[in-house]
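To start, the structure under review is shown below, and the notes come after it.
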Amino acid sequence: MTITLKELADFCDAKIVGGKESTLITSAADIKSAESGQVTQLTSSRYIKHIANSTATACFIAEDFAVDAIPEGMALLVCADPEMSFIKALELLHPARIYEPQIAPQAVIDKNVTLGERVFIGPYAVVGEDTSIGDQSIILAGVYIGKNVKIGKHCQLHPYAVIYDDVVLGDHVIIHSGAIIGADGFGYKFRNNRHVKVPQVGNVVIDDYVEVGANTCIDRGALGSTVIGAGTKIDNLVQVGHNNKVGKHVIMCGLTGVSGSCNIEDYAILAGSSGVADHVTIGQGAVVMARSGVAGDIKPGTQVFGSPAKDKKVAYKEQIALSKLPDLLKTVKLLQEKIEALEAGSK
């Protein structure tokens, strides 16, 4: 899409400083690669060095952000929150693809399926019996939806996502390619020298405005529901075990694994490659830092690191101490040699 600088500024609640209002903006780019005709953003002092040689036509910047070396011809779009204004610019300049309502002839729709208004179902999608799909939801090619599934309004299921039986999705839910929602939880009992499977007869309930990344798996409850709260965002390649209760607006980064029957409270953050043992509670607003292993409950608002995870300040001190261990061992060896020499000389 191509718009004028003034149209962009008005849409994003920004004030133009420098440049011409009639200048055309065609797209958006980051500060390192933006070229003429593009808009970018500058929100951190670490990127100031890139703006001096930038050929971007315009740049979003905060009202109290001071920059000296602004290239000639670059317009500043001064606003209260440049990150949010830039997001609005992205949505305007790079609009999402529009899917006109249709049911592809190659789609397989079972009996007693209820479809809302303006639903899109792509080729080779499968929709099981007694399933309902809400208004303006988009089911793309190759998606599998099982029996008795409830999908809300304005949802989007990307190609080859799999939704098992009895799953419930709220409104505005996004499921990316390869994600599997509602597979059996990993439950077994060891008897007579073999693992006996515990039937997994629960389901998964995902609330409004949740986004689930590619190749992520969320297991159904053994009994009852695995629950994902409203506004939670789950990255690619995440494993959420059975009967977890994930609160609202939780962030779960890539390669995170959460064992069964955990309680992840609102606004918690699980950074990349973190692992959580079963039956653990992670308190509201707590942060589990990358590659940490959580074996016990985490208090609300705390930040933990390491394996086993502990308060990050304590963990950092331990890491610093460990880094000094080789030098300490050398010192101990030297002292030991001196003691041995003194003992030998006294005989």
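Can you spot a residue in region 87-100 that is part of a strand (DSSP E or B), in contact with a helix residue (DSSP H, G or I) (Cβ under 8 Å, 6 or more places away or on another chain) and either over 30 Å from LEU140 (Cβ atoms) or in contact (Cβ under 8 Å) with a residue 60 or more places away in the chain (or both)? No, that holds for no residue. For the criterion of being touching a residue at least 24 places away in the same chain (Cβ under 8 Å) and either farther than 30 Å from PRO123 by Cα or assigned by TED's automatic domain parsing to the domain that holds TYR124 (or both), GLY19 passes.
Considering region 243-275 alone, what residues qualify as being within 20 Å of GLY202 (Cα to Cα) and not in a strand (DSSP E or B)? Passing the criteria: ASN243, ASN244, GLY247, SER259, GLY260, SER261, CYS262. The requirement of being farther than 25 Å from GLY185 by Cα and in contact with a helix residue (DSSP H, G or I) (Cβ under 8 Å, 6 or more places away or on another chain) is satisfied by GLN303. Restricting region 167-209 to residues that are small (Gly, Ala, Ser) and part of a loop (DSSP other than H, G, I, E, B), which is farthest from GLY231 (Cα to Cα)? Among those residues, the one meeting the criterion is GLY187. So is ASP278 out of contact with any helix residue (DSSP H, G or I) (no Cβ under 7 Å at 6 or more places or on another chain) and either part of a loop (DSSP other than H, G, I, E, B) or among the small types (Gly, Ala, Ser) (or both) or not? Yes, satisfied. The criterion of being polar (S, T, N, Q), under 29 Å from SER137 (Cβ atoms) and touching a strand residue (DSSP E or B) at 6+ places or on another chain (Cβ under 7 Å) holds for ASN243.
Filtered by the rule that a residue be part of a loop (DSSP other than H, G, I, E, B) and either surrounded by 12 or more Cβ atoms within 10 Å (Cβ to Cβ) or in contact (Cβ under 8 Å) with a residue 24 or more places away in the chain (or both), region 297-327 gives ASP297, LYS299, PRO300, GLY301, THR302, GLY306, SER307, PRO308, ALA309. Here is a check on your reading of the model: is ASN215 without any contact (Cβ under 8 Å) to a residue 60 or more places away in the chain, touching a strand residue (DSSP E or B) at 6+ places or on another chain (Cβ under 6 Å) and more than 11 Å from VAL173 (Cα to Cα)? No: the conditions fail for ASN215. Name every residue in region 140-166 that is within 17 Å of ALA214 (Cβ to Cβ), part of a loop (DSSP other than H, G, I, E, B) and within 23 Å of the chain's Cα centre (by Cα), in order of residue number. Matches in region 140-166: LEU140, VAL143, CYS155, HIS158, PRO159, TYR160, ALA161. For region 87-131, a residue qualifies if it is surrounded by fewer than 16 Cβ atoms within 10 Å (Cβ to Cβ) and polar (S, T, N, Q), and the qualifying residues are GLN102, GLN106, ASN112, THR114.
The values are calculated or read from the model by the stated rules, or taken from the named source; none is laboratory data. Just so we're clear, the structure is a prediction, and the values are computed from it rather than from any experiment. Here the Cβ is made from the backbone with ideal geometry for all residues, glycine too, and neighbour counts use every protein chain on show.
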